[in-house]
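Student: Encoded as structure tokens, here's the structure I'll be asking about.
The values are calculated or read from the model by the stated rules, or taken from the named source; none is laboratory data. Computed from a predicted model, the values in this text were never measured in an experiment. Cβ atoms come from the backbone with ideal geometry, glycine included; neighbour counts cover every protein chain shown. Surface areas here come from the heavy atoms of the whole protein model, side chains and all, with no ligands, DNA or RNA. Shrake-Rupley method; radii C 1.70, N 1.55, O 1.52, S 1.80 Å.
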Amino acid sequence: MSVALRAAASPREACRHIARRDARLIAGGTLVMNEINNRETVTASLVDLASLRLRSIKIANSRVTLGAMTSMADIAAHPKLKFLKPVVTAIGGPAVRNMATVGGNLHAEAPYGDLGVALLALDARVTLETARQRKTMRLEDFYAQHRKLGAYLVTAVNFALPGANRFFFTKAIRRKPVSASVVAVAAHLPRKGKRLAGPRIALGAMAPHPIRAKAAETALDGKALDETTIAAAASAATEGSAPASDPYASAWYRREIAPVYLARLLAQAAGQKS
Ligand SMILES: Cc1cc2nc3c(=O)[nH]c(=O)nc-3n(C[C@H](O)[C@H](O)[C@H](O)COP(=O)(O)OP(=O)(O)OC[C@H]3O[C@@H](n4cnc5c(N)ncnc54)[C@H](O)[C@@H]3O)c2cc1C
């Protein structure tokens, strides 16, 4: 079956296309083209976002705004986003990273979606447009609601720059140097003196989309990072998670390994200067 490719002239036009027709948005195409080529998706047309001016990285007043068409390679190359380099360089090989976009990553189902895990720990906001309105919502709410939003287009995400040595990321994989996540863990660990103040921990591949490990956050909040608090957070890590079994790992293995990777990440954070 042939698939028509249309260039969107504006976010609204892209929304109108996908609202009215049998159409899908295509950003970098690393996921959507696989689906079409493997006949997992049948669509009459693709609406290409490349002509929209959504490929940008802006930093102002300590807030970062990433346009939805910004690639993983763009983020890896930005001198002020070094804290995200371990996240984006763990996504596919160089060819995938040149194509893969921020907006696409927010729609990647587990075990993908690693940048979304980092953005969830950073309490990012998502700006999206529908044919009628523009709105901004917390990434957490976006993950919970986006299937009910109808035709929409993500235009940007934004978040506050974390302090030095306050953001951490790790990912368990089965095949080096890069592979889909067995589990991905991101932690944003602001401190007041020696105590953590409002820690945020996010997990990837532990549910259909990235989730917060809220019980682990509670175990850490207001406490110093030491062996006891790290053990308490690790033992609470998988509360509320619902991992799937796939060719990378079983759900059982994911539940076993997530606390181990969280404990290692927190031990790494504890070793950093405050
Ligand atoms: C070999 C390989 C390895 C990979 N490894 C990883 C990995 O390790 N970690 C990881 O996280 N991902 C991985 N991926 C998945 C993928 O490359 C990334 O998640 C990527 O960020 C998806 O972005 P894209 O622009 O290519 O999405 P596309 O394929 O263009 O789109 C994906 C979905 O998102 C929708 N979409 C895209 N942009 C928008 C937007 N702005 N607004 C609304 N909807 C939108 C599309 O309609 C589609 O449904 C891998 C993919 C491949 C092929």
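Student: Quick check, is Ala233 in contact (Cβ under 8 Å) with a residue 40 or more places away in the chain, open to solvent by less than 20 Å² (accessible area, probe 1.4 Å) and closer than 25 Å to Ala160 by Cα?
Tutor: no
Residues are listed down the side, and each one gets a yes or a no for (1) basic (Lys, Arg); (2) crowded, with 23+ Cβ neighbours inside 10 Å; (3) in the same structural domain as Ser245 (by TED's automatic domain parsing):
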{"residue": "Lys171", "(1), (2), (3)": "yes, yes, yes"}
{"residue": "Arg175", "(1), (2), (3)": "yes, no, yes"}
{"residue": "Val183", "(1), (2), (3)": "no, yes, yes"}
{"residue": "Arg191", "(1), (2), (3)": "yes, no, yes"}
{"residue": "Lys194", "(1), (2), (3)": "yes, no, yes"}
{"residue": "Leu203", "(1), (2), (3)": "no, yes, yes"}
{"residue": "Met206", "(1), (2), (3)": "no, yes, yes"}
{"residue": "Arg212", "(1), (2), (3)": "yes, no, yes"}
{"residue": "Glu217", "(1), (2), (3)": "no, no, yes"}
